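In what follows, a single structure is set out as structure tokens and then discussed.
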Amino acid sequence: MTNEQLDKLINLLNDGGISNSTRIDILKPLSKGCIYTSVCDLKTKALNNTCPYYFIKNSDKYVGVVQNGGSDLHWYLKKAHRGKGLMTSALKNFILPHILSTKFEQLITIDGGEPQCDFIKSEKIALRVGFKKINEKIILPGTSAEHKKCAYRITKKDL
């Protein structure tokens with residue numbers, strides 16, 4: 001999913017969690033400010049349990065989301081709430097312990113093809129919560145521009 005699509009899911013949850021095409025079901029509250037959910041496509045009636053989402057709340061509104069793609073995570077936080085430690089705290093204290101309760105390690109990639117400031121901020125969050133950089137590649141994506149794509153790993157003992 002893109003950041004724009006994740007932002008729409010946050011807005012949908014704040015508006016009640018259901019639209020003509022999508023329903024967000026809360027599977028488990030992990031804390032007062034973090035919930036574990038599934039997203040159902042109402043057009044196909046498909047429940048997307050293979051890709052759960054964690055939503056992060058600040059006061060009375062949801063402001064962030066982490067999409068768990070199994071072998072990778074994609075996180076997004078609304079701009080007005082960045083730099084306050086919300087994503088770092090939710091990942092370290094609730095989301096990663098929940099994910100790592102059923103598996104030994106979690107991998108992520110951070111793509112330098114995104115705006116450079118997003119790459120740097122995402123990398124800072126990853127390193128703060130305990131991810132270790134395991135690979136860095138320069139990729140030529142078919143244009144004259146080069147960018148980095150880095151891989152990171154965290155295990156239960158890194159938390």
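Every number in this text was worked out from the coordinates using simple rules, so none of it is lab data. Here the structure is a predicted model, which means the values were calculated and not measured.
List of remarks:
- Mean separation of Cα contacts under 8 Å, 6 or more apart, over the residue count of the stretch 3-158: relative contact order %: 15 percent
- For the residue pairs K8/K124; K84/K124; K32/K103, alpha carbon separations beyond 20 Å are given by K8/K124; K32/K103.
- Helix 116-129 vs. the chain, principal-axis angle (Cα, 0 to 90°, nearest 10): 80 degrees
- Against the chain, whose longest principal axis is taken from its Cα atoms, helix 3-14 shows a tilt of about 30°.
- For the chain, the spread of Cα coordinates along the three principal axes comes to 42, 38, 30 Å, biggest extent given first.
- CD proxy at 222 nm, helix term only [per DSSP H run n ≥ 4: -39500 (n - 2.57); per residue of the chain; nearest 500]: -6000 deg cm²/dmol
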